[in-house]
Amino acid sequence: MTKRRSALLTALLASLMLSQAPAHANGLDDIIARGTLKVAVPQDFPPFGSVGPDMKPRGLDIDTAKLLAEQLKVKLELTPVNSTNRIPFLTTGKVDLVISSLGKNPEREKVIDFSRAYAPFYLAVFGPPDAPINGLADLKGKTISVTRGAIEDIELTAVAPEGVTIKRFEDNNTTIAAYLAKQVDLIASGNVVMVAIAERNPKRIPALKVKLKDSPVYVGVNKNEPALLEKVNQILATAKADGSLEKNAQLWLKQPLPADL
């Protein structure tokens with residue numbers, strides 16, 4: 001065998017070995033090396049995320065993202081998302097984490113991993129205080145607004161009795177606006193969103209009618225990122241112990257953290 005053929009064979013074998021080696025990227029190392037944490041956050045879901053009078057993002061999720069970036073000692077880059085595109089933004093590498101009032105369910109757990117919970121949240125059907133609704137059966141004949149693809153859409157669809165009309169909207173603002181404008185009878189969303197609505201429009205205060213699910217919120221992390229997931233959990237555990245998560249809950253949710261969170 002000539003030296004030229006031997007060199008070509010060696011190069012070919014090396015190339016084959018590289019192509020068969022499993023690709024592995026350490027997300028935590030990438031964040032530290034880059035010096036920036038990229039986080040998907042909501043922009044139309046107060047008090048978790050919205051745009052303030054100064055045109056800057058604010059809310060519980062934004063403060064949670066800031067907390068993580070500060071503890072990682074990196075800059076923070078926020079990317080506004082909605083309930084439909086937040087997970088694809090994570091899985092396609094546009095962001096490192098999703099902190100966007102993200103609930104956990106078996107379907108999502110097949111696609112991404114979840115941190116420990118950082119804030120309480122429950123899903124329910126809400127409506128006018130005088131609406132005579134005491135259970136799922138009483139929803140028959142009613143029209144309910146919900147944000148398409150959100151976890152409340154999934155939960156409501158699974159349990160709604162026949163005769164219920166579920167009117168789906170593409171973002172939370174439109175879902176809320178439909179309820180406030182009386183285009184629908186009821187709205188399915190989270191408890192803290194209803195508090196925000198009540199503050200903005202006391203004439204259409206939404207009262208709890210049917211609870212759908214207790215669904216604390218979590219940080220979404222890509223699969224196969226154990227170091228990043230462990231670091232996020234460590235930061236959140238410390239923040240719970242030192243009162244930082246309690247402070248965020250009191251500020252944005254007007255309620256304390258549950259003891260079992």
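The values are calculated or read from the model by the stated rules, or taken from the named source; none is laboratory data. This is a predicted model, so every value here is computed, not measured. Because the Cβ atoms are built from the backbone with ideal geometry, glycine has one as well, and the counts that use them run over all protein chains shown.
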Checklist entry - Across the stretch 57-82, which residue is nearest to the chain's Cα centre (by Cα) among those that are charged (D, E, K, R) and closer than 25 Å to Phe169 by Cα? => result Asp61
Checklist outcome for this item: Taking the stretch 27-46 and the residues there that are out of contact with any Pro (no Cβ under 9 Å at 6 or more places or on another chain) and at pLDDT below 90, the one that is farthest from Gly103 (Cα to Cα) would be Pro46
Item to check | Subset of the stretch 154-163 that is surrounded by 19 or more Cβ atoms within 10 Å (Cβ to Cβ) and either touching a residue at least 40 places away in the same chain (Cβ under 8 Å) or touching a helix residue (DSSP H, G or I) at 6+ places or on another chain (Cβ under 6 Å) (or both) - its residue that is nearest to Ser215 (Cα to Cα) | outcome: Glu155
Checklist entry - Cβ-Cβ below 6 Å, separation at least six or inter-chain, first residue in the stretch 176-199 and more than 19 Å from Ile151 (Cα to Cα), second at pLDDT below 90 and surrounded by fewer than 18 Cβ atoms within 10 Å (Cβ to Cβ): which pairs? => result Leu180/Asn201; Leu180/Arg204; Ala198/Ile205
Checklist entry - Can you spot a residue in the stretch 179-191 that is closer than 21 Å to Leu60 by Cβ and at pLDDT below 90? => result yes
Next on the checklist: crowded, with 19+ Cβ neighbours inside 10 Å and of a type outside the set (Gly, Ala, Ser): is that true of Asn172 in this structure?
Outcome noted: yes
Checklist entry - So which of Asn224, Asn248 ends up being modelled with pLDDT of 90 or more, farther than 19 Å from Gly190 by Cα and of a type in the set (S, T, N, Q)? => result Asn224
Next on the checklist: For the structure I just gave you, tell me whether Thr92 is farther than 24 Å from Lys223 by Cα and either without any contact (Cβ under 8 Å) to a residue 24 or more places away in the chain or of a type in the set (S, T, N, Q) (or both).
Outcome noted: no
